[in-house]
Amino acid sequence: MKDYTNAKPLTILKEVFGYKKFRPLQENIILNVLSGHDTLAIMPTGGGKSLCYQIPAMIFDGITVVISPLISLMQDQVDGLTAAGVNAVFLNSTLEWEDYLAAMNSIRRGETRIVYVSPEGLSSGKVQDLLHDQRVKVSCITIDEAHCVSQWGHDFRPDYLEIASIRRQFPQAVCLALTATATEDVKADIIRNLSLVNPEILVNSFNRPNIYLNVQNRNDALSQTVECIRRHQNESGIIYCFSRRQVDTLTQTLTDLGYSALNYHAGLTDEVRRNHQNQFIRDQVQIMVATLAFGMGIDKPNVRFVIHYDMPKSLEQYYQEIGRAGRDGLPCEALLLYSGGDIFKIRHFFADSADPENSERLLQAMVSYSTSAECRRRSLLAYFGEEWTTPDNQKNCCCDICSAGPALLVDMTIPCQKFMSCVIKTNSRFGQNYIIDVLLGSRAEKILTNGHNMISTWGIGRELTKHQWQELVSLMLRENLLVKEGEYNVVFLTNKGLSALKNRDKIMLPFSTDRSSSVKRNQLNSAQPFIPENRGSSGASGGLLFPKPEGKNKKAKFILLKKTVSAQDQDSGEAKLILRLKKWRKKTAEEMNVPPYVIFGDRSLNDLAEKKPRTLTELSECYGFGEIKVEKFGSQLISLLESLS
C-alpha cells in the first residue's frame, strides 16, 4: 500500500476510493480533524461518515481508534477498506487468538493505521496494553453512532459512558464524534459525556432526497406490504415490526406467498441471527423482517425499501431506520403503516423508561409526523431544526402528500356530526374505536352492558367502514375538532368541535372514499419469487417507482423516477450487461468471502454499463474505481466488457 502520510485528502479520495469529489461537509470535517480540533459531525445515514475518519487516518502518523457499536459493522468496514487496499483491523471476540495477536502486532509495527473496537473492548486489558505500548501513537479517537452516549437518544448504551475516561488517557489525540441524528439535548450529552474540548459542531442537511417518504393508514397491512414489495421486485428491503411474534408470523406468511424472507430478533440465537444477517447482506435473501434489534450494523448500500409495519416510538428511531435504505444514493422508498393503536403498544413500555415524560414527548412528535397533512419531508426536517423547501429543479415528488397534489376537500359535515354526537351521548368516556363500534351498530358485550345499543347514535354510521371512520377521526383530530386525553386516549370535543356541532357548521375535509388496497387478498398468491444474484437476477437495481400525480386532485400513479431494468426490457444490451456484471460481482465476492457490495456497489456497475470503458485509464474514471481496484479487477472487467460488446 502506498504511503499517504501528509498527502492531500482529495488525492486519497481519488486514488484509493475512486471518487472525484467530496460529498457535502466531508472535506470540512476532514480538514477540521487534521487540524487537531475535536469535532462533532452530524450527517445523515449514507452521507459518507466513514471517509471522514478513514482519510485522516491514512494521513496521520499514528493510529486512528474507531469505536463502533456492532461487530458486523466493524467487519463490513474492514472488508471494504481491505478491498480498496487499506490496512485496517478489528479487535473483538470473533477473532481467533492467532488472528488477534497478528492484528495487534501489525499495529505495533506501524503497518495498520485504522483499528476498530467496541466500547466494551476499548477498556479491556489487551486493548489498553496495546494503546499504551511505546511503539503505538494514538492520533485520533473516533466514536461512531455517538448518539448512543446520550440518554436522550433512542439507542442509549451505558458502555459508551466509559469512552471519556479512555479519551482522557490520550489528551493529544483529536476526537471525532459521528452520528446521523442529534437533537439539541443529544448534542449536549455527546459533548459532555465524551469530554470533547471546544468542539467544532458541523451539521449536514438531514435531507435524504433519494428516499420517497410514504405514510399510509394501516387498513390491510399484509396487502399494503405486498404492494410495496411488488414495486421493488427482486430488490432488497427491510420490514420493521413491533414484536418478535409479529416478525415470525409475517416472515412465515411472506415465505408461504413465495417471497424470499428471513426473520431477525433478540429471541433467536446469536448463530441464527448471524446466519440470517449474512444471507441478507450477501444478497442471498431479499427481505429481512426484524425488530429494531436489526440494522445499526448494516452497511448494505442497495436496500431499496424500508417498511415500518408498526409506528416507531420516535422520529429519531424512524430516521435512523429509513436511513438504511438507499445508502448508495439511488432511489428508494420508506413506507410507514400508521394506526392509532400503535400508541397504546408503545405507551405500555413507558413504565420501564428512564424518563416517561420524554418518551411521551418523542411519541407525540412521531404521531404528529404520521398524521400531518403537510409535506412529510418538511415535517421531518423541521423536527431536526432544518427548514426545507422544494428546490426549483426538483420535478419529482418527495412524499405521499406532495405526490397526491392539492387535497380535494369533501363535505363531511354529517358524518362528523354523527361522531361528535356519539361522543356526547356516551358521556365522553371512551376511545375512538368504541365510538366507532357504537356508530356501526356493534352488539359487543361492553356496548350492551353500557346500554349504548339503546342510544340514538347506535348504528347510524354504517355508511362508512371502520377503517374509513378511523381515517375521519384522524382528520377531525388534525382539524382540532377532537382531542384525545389520558392513558386510554379518551375522545373529547374541543371548543371548536362543540361550536361546529352546535352551529351546524359545514365541515370540509380532505377525505378519500377509496380506502381499499390495490392488492386484493385473492391476488396475494401471485407473488414473484426472489432470485438471488448467484442464480441470476430477473432485474437490475437502480430505480424506484415514485408516485406522481396525473393532474390536480388526481390519484397518484407510480412512474419510474430513474431508469431501472424491469422484466419487460431485459433484452436490452445495457440490461444484459448489468446482469452479467452482477453475476461476475457475485462470483468474485464468494471467492473473496465478502458481501457483493464490498467489491463494487450498484452505482459502479451502472456506470460501467453506461460508459463501457475499453482501457484501464477509462476504467479509472468510473465511479468507485480507485487504483487498487483498477489493478485488482481491471483486466477481468475490460475482458468481460469486450466479450459482451
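Every read-out reported here was derived from the displayed coordinates using simple, explicitly stated rules and does not represent laboratory data. Being a predicted model, the structure only gives us computed values, none of them experimental. In this analysis, Cβ positions are derived from the backbone assuming ideal geometry, glycine residues included, and neighbour counts consider all displayed protein chains.
Angle, helix 356-371 long axis vs. longest principal axis of the chain, Cα atoms, 0 to 90°, nearest 10?
80
Give the relative contact order (percent, whole number) for the chain; include only Cα pairs under 8 Å separated by 6+ residues.
14
Does a label point 7 Å from the Cα of Asp99, set along Cα-to-beta-carbon, have any residues of the stretch 586-604 with amide nitrogen under 19 Å, and which are they?
Under cut-off, by backbone N: 589-599.
Explain nothing, just the number: dipole magnitude of the chain about its Cα centre with +1 on each Lys and Arg Cβ and -1 on each Asp and Glu Cβ, in debye rounded to the nearest 20. Mind showing how you got there, number by number?
Numbers: 76 positive and 72 negative charges, 388 e Å.
My answer is approximately 1860 debye.
Let me spell out the model: positive unit charges on the Cβ of Lys and Arg, negative unit charges on the Cβ of Asp and Glu, origin at the Cα centre of the stretch 120-237. What dipole size does that give, in debye rounded to 20?
Dipole of the stretch 120-237, to the nearest 20 debye: 220 debye.
With axes computed from alpha carbons, what is the tilt in degrees of helix 97-108 against the longest principal axis of the chain, rounded to the nearest 10 within 0 to 90?
With rounding to tens, the tilt is 70 degrees.
Could you give the length gained on full extension between Glu618 and Phe344, defined as 0.36 nm per residue of separation minus the Cα-Cα distance, in nm?
92.8 nm
Would you mind checking Lys49/Lys632; Lys49/Lys612; Lys345/Lys466; Lys313/Lys506; Lys587/Lys612; Lys583/Lys612 for any pair whose Cα atoms are more than 28 angstrom apart? Walk me through the intermediate numbers first.
On the way: Lys49/Lys632 26 Å; Lys49/Lys612 30 Å; Lys345/Lys466 20 Å; Lys313/Lys506 36 Å; Lys587/Lys612 20 Å; Lys583/Lys612 17 Å.
Going by Cα-Cα distance, Lys49/Lys612; Lys313/Lys506 fall outside the 28 Å limit.
Give the residue from Gln224, Pro331, Asn193 lying farthest towards the positive end of the charge dipole for the chain; charges sit on Cβ (+1 for Lys and Arg, -1 for Asp and Glu) and the dipole is referred to the Cα centre.
The Cα lying farthest towards the positive end belongs to Gln224.
Arrange the peptides 269-281, 212-224 so that the one whose residues have, on average, the most other Cβ atoms within 10 Å appears first.
212-224, 269-281
So for the chain: antiparallel DSSP bridges make up what percent, rounded to the nearest 5?
If I count the DSSP bridges inside the chain, around 15 percent turn out antiparallel.
Please enumerate, by chain and number, the aspartates and glutamates with C-alpha under 15 Å from the C-alpha of Lys20, excluding those fewer than 8 residues away in the same chain.
Within the straight-line cut-off, Lys20 pairs with Asp607, Glu618, Glu621, Glu627.
Considering only C-alpha atoms, what is the centroid distance from the stretch 123-197 to the stretch 224-277, in Å?
Using only Cα atoms, the two centres lie 34 Å from each other.
Percent relative contact order of the stretch 146-271, based on C-alpha pairs within less than 8 angstrom and at least six residues apart?
Values: 73 pairs, mean separation 22.2, N = 126.
Rounded, it is 18 percent for the stretch 146-271.
Using the Kirkwood formula over every pair of different C-alpha atoms, what hydrodynamic radius in Å results for the stretch 123-172? Let's see the in-between values first.
Values: mean 1/r = 0.0818 Å⁻¹.
This gives a value of 12.2 Å.
Extension gain Gln636-Val410, at 0.36 nm per residue separation less the Cα-Cα distance, in nm? All intermediate terms of the calculation are to be shown ahead of the outcome.
Working: separation 226, 0.36 × 226 = 81.36 nm, distance 6.21 nm.
Extra length available between Gln636 and Val410 comes to 75.2 nm.
Label the stretch 182-288 by shape, choosing from rounded, prolate and oblate, from the square roots a ≥ b ≥ c of the eigenvalues of the Cα gyration tensor; if a/c is under 1.5 it is rounded, and otherwise prolate applies when a/b is larger than b/c, oblate when it is not.
Cα axes put the stretch 182-288 in the prolate bin.
Looking at the square roots a ≥ b ≥ c of the eigenvalues of the Cα gyration tensor of the stretch 267-383, which shape do they give, rounded for a/c under 1.5, prolate if a/b is larger than b/c, or oblate?
Working: a/c = 2.33, a/b = 1.35, b/c = 1.73.
Verdict is oblate for the stretch 267-383.
For the stretch 1-124, what class follows from the C-alpha gyration tensor (a ≥ b ≥ c being the square roots of its eigenvalues): rounded when a/c is under 1.5, otherwise prolate if a/b is larger than b/c, else oblate?
prolate
Order the peptides 26-35, 159-168, 172-181, 443-452 from the highest to the lowest mean number of other Cβ atoms within 10 Å of their residues.
For the peptides 26-35, 159-168, 172-181, 443-452, the packing ranking is 172-181, 26-35, 159-168, 443-452.
Taking the simple approach of a point 7 Å from Cα along Cα-to-Cβ for both Glu574 and Thr253, what is their distance in nm?
3.8
Take Asn593, project a point 7 Å from its Cα along the Cβ direction, then tell me which residues of the stretch 108-123 have their backbone nitrogen under 13 Å from it.
Inside the label zone: nothing.
By the scheme Lys and Arg +1, Asp and Glu -1, what is the net charge of all other residues having a beta-carbon under 10 Å from that of Leu644?
Taking every Cβ under 10 Å from that of Leu644, the sum is +2.
Using the eigenvalues of the Cα gyration tensor, what equivalent ellipsoid semi-axes result for the chain when each is taken as the square root of five times the eigenvalue, whole Å, largest first?
Result for the chain: semi-axes of 47, 30, 22 Å.
In deg cm²/dmol, rounded to 500, what helix-only [θ] at 222 nm does the chain give when every DSSP H run of at least 4 residues adds -39500 (n - 2.57) and the total is split over its residues?
-11500 deg cm²/dmol
When only Cα pairs under 8 Å and 6 or more residues apart are kept, what is the percent relative contact order across the stretch 339-488?
17
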